[in-house]
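Take a look at the structure set out below.
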Amino acid sequence: MLLRPPCLPRLSPRRLRPESPMASTLALLRPSAPSPLAGPSARSPAAAVRVPFRSRFSTRVTLGSAVAAGADTLFADYKPTTAFLFPGQGAQAVGMGKEALNVGAAAELFAKANDILGYDLLNLCIDGPKEKLNSTVISQPAIYVTSLAAVEVLRAREEGQSVIDSVDVTCGLSLGEYTALAFAGAFSFEDGLKLVKLRGEAMQDASDAANSAMVSVIGLDSEKVQQLCDAANEDVDEKEKVQIANFLCPGNYAVSGGVKGIEAVEAKAKSFKARMTVRLAVAGAFHTSFMQPAVSRLESALAATEIRSPRIPVISNVDAQPHSDPETIKKILAQQVTSPVQWETTVTTLLGKGLEKSYELGPGKVIAGIIKRINKGASVENIGA
């Protein structure tokens, strides 16, 4: 059984069999909340550490010259051994980021983030309040920065640099794909944070424009969940239709769509032998066409961002494949907010190709739990910040 990570909220499941002990594997996304930005705090990450340095993530890794224009085959035959995995929205928890105060390079990332975001991100991560940290517009930048700070925390440990040097593939869950691309040198830390900030704002605005929701369906395989969606869609109008939005792991798939469609899924789930459904406390129907209003804003921002070919394969959420062509990467990232997350296929493919060791970097242990559900024998280590 995949246990619920302690950093995630306890949602009130709609239990279909009272005796079932299984809880939602993933409260991927937290409730939307008003997003007044915190003012300057007395805690300054830059002041906490007096050693001057420069973040490794500001270093520009230029591999684009190795890829012909339009080519996207540099990583076609990749053979993974060690992976860095980065979490998505929902992994945040008040108190994350504390270790960054003790590692110069990690604290510097938060100091740079403050300049870009215009508020004290580290203070919000450490002290909250929870409602503000959980909002889409703040949680996405917070997880991005904390996850890359975790890389610096690892680097500061004995043998940490050798672990980082051994990584030959990376990926992230939804938002985490941006973190993975930054780690792989596809764009700078600063450019990635600007993209993530805009992404959170655009997704929140798209959610506010429609009455939509998400629900986790527990205890069914993906084929049965698709049948459940088809049955629910027969009872609702086109604008209320639902689809699988997150293919997480066997027995846990998230469905997104109009509120009436989600209610139909919940009502019919018992007849499809689901163990339970868990309504996710999210702003809206992420990874569906409900997020279409966010796409044009992302496309414009991506077009203005310098993106290079990553130095190692970064597996896309959209098609579970690595991409090396910068223009293709831009298109994939724009598509990602309206496309189902193919996480189960990503993990299965990595393990099938010989992946030996994985590290989850950032807040929470959601990804480790999902991987263990897919393969109990998989080796996963958590590195927090």
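Of the numbered criteria (1) open to solvent by less than 20 Å² (accessible area, probe 1.4 Å); (2) under 27 Å from LYS372 (Cα atoms); (3) out of contact with any Leu (no Cβ under 7 Å at 6 or more places or on another chain), the one GLN243 fails is (1). The range 172-279 holds strands (runs of 3 or more DSSP E) entirely within its bounds, and those carrying 2 or more residues that are more than 27 Å from HIS323 (Cβ to Cβ) map to 212-218, 252-258.
Just need a number here: residues in the range 220-243 that are among the charged types (D, E, K, R) and in contact with a Lys or Arg (Cβ under 6 Å, 6 or more places away or on another chain).
1
Considering the range 319-347, the residues that are under 19 Å from PHE183 (Cα atoms) and part of a loop (DSSP other than H, G, I, E, B) include one that is nearest to the chain's Cα centre (by Cα), namely ALA320. Of all residues in the range 192-207, none are of a type in the set (S, T, N, Q), open to solvent by 10 Å² or more (accessible area, probe 1.4 Å) and over 19 Å from the mean Cα position of the chain (by Cα).
Inspect all residues belonging to the range 117-128 and state whether any of them is of a type outside the set (D, E, K, R), buried (at least 24 other Cβ atoms within 10 Å of the Cβ), at pLDDT 95 or above and part of a loop (DSSP other than H, G, I, E, B). Checking the range 117-128: not a single residue is of a type outside the set (D, E, K, R), buried (at least 24 other Cβ atoms within 10 Å of the Cβ), at pLDDT 95 or above and part of a loop (DSSP other than H, G, I, E, B).
Which one is farthest from VAL103 (Cα to Cα), of the residues in the range 361-379 that are in contact (Cβ under 8 Å) with a residue 24 or more places away in the chain and not in a helix (DSSP H, G or I)? If we take residues in the range 361-379 being in contact (Cβ under 8 Å) with a residue 24 or more places away in the chain and not in a helix (DSSP H, G or I), then ASN375 is farthest from VAL103 (Cα to Cα). Beta carbons closer than 8 Å, at least 6 apart along the sequence or on distinct chains, pair a first residue in the range 140-152 that is touching a residue at least 24 places away in the same chain (Cβ under 8 Å) with a second that is open to solvent by less than 10 Å² (accessible area, probe 1.4 Å) and among the charged types (D, E, K, R) for GLN140/ARG199.
Taken across the range 174-184, residues that are on the phi > 0 side of the Ramachandran plot and among the polar types (S, T, N, Q) do occur, with at least one present.
Does GLU99 fit the bill of being out of contact with any helix residue (DSSP H, G or I) (no Cβ under 7 Å at 6 or more places or on another chain), of a type in the set (D, E, K, R) and open to solvent by 20 Å² or more (accessible area, probe 1.4 Å)? Show your work before the answer.
On the way: out of contact with any helix residue (DSSP H, G or I) (no Cβ under 7 Å at 6 or more places or on another chain): no; of a type in the set (D, E, K, R): yes; open to solvent by 20 Å² or more (accessible area, probe 1.4 Å): yes.
For GLU99, the condition - out of contact with any helix residue (DSSP H, G or I) (no Cβ under 7 Å at 6 or more places or on another chain), of a type in the set (D, E, K, R) and open to solvent by 20 Å² or more (accessible area, probe 1.4 Å) - is not met.
Checked against the criteria, SER358 does not count as outside any loop (DSSP other than H, G, I, E, B), hydroxyl-bearing (Ser, Thr, Tyr) and open to solvent by 20 Å² or more (accessible area, probe 1.4 Å). Which members of the range 213-232 meet the condition of being surrounded by fewer than 19 Cβ atoms within 10 Å (Cβ to Cβ) and touching a Gly at 6+ places or on another chain (Cβ under 8 Å)? If the condition is that a residue be surrounded by fewer than 19 Cβ atoms within 10 Å (Cβ to Cβ) and touching a Gly at 6+ places or on another chain (Cβ under 8 Å), then ASP221 is the only one that fits.
Residues to consider are ASP237, ASP191, ASP205, ASP230; find the one that is free of Cβ contacts under 8 Å to residues at least 24 places away in the same chain and farther than 30 Å from ASN375 by Cβ.
Numbers: ASP191 fails: free of Cβ contacts under 8 Å to residues at least 24 places away in the same chain; ASP205 fails: free of Cβ contacts under 8 Å to residues at least 24 places away in the same chain; ASP230 fails: farther than 30 Å from ASN375 by Cβ.
When all the criteria are applied, what remains is ASP237.
With respect to GLU306, determine if the residue is acidic (Asp, Glu) and either open to solvent by less than 10 Å² (accessible area, probe 1.4 Å) or not in a loop (DSSP other than H, G, I, E, B) (or both). The answer is no for GLU306.
The values are calculated or read from the model by the stated rules, or taken from the named source; none is laboratory data. Treat the numbers as computed from the prediction; the structure is a model and nothing was measured. Note that we place each Cβ from the backbone using ideal geometry, even for glycine, and neighbour counts take in every protein chain shown. Please note that ligands, DNA and RNA were not included when accessible areas were found on the heavy atoms of the full protein model with its side chains. Shrake-Rupley method; radii C 1.70, N 1.55, O 1.52, S 1.80 Å.
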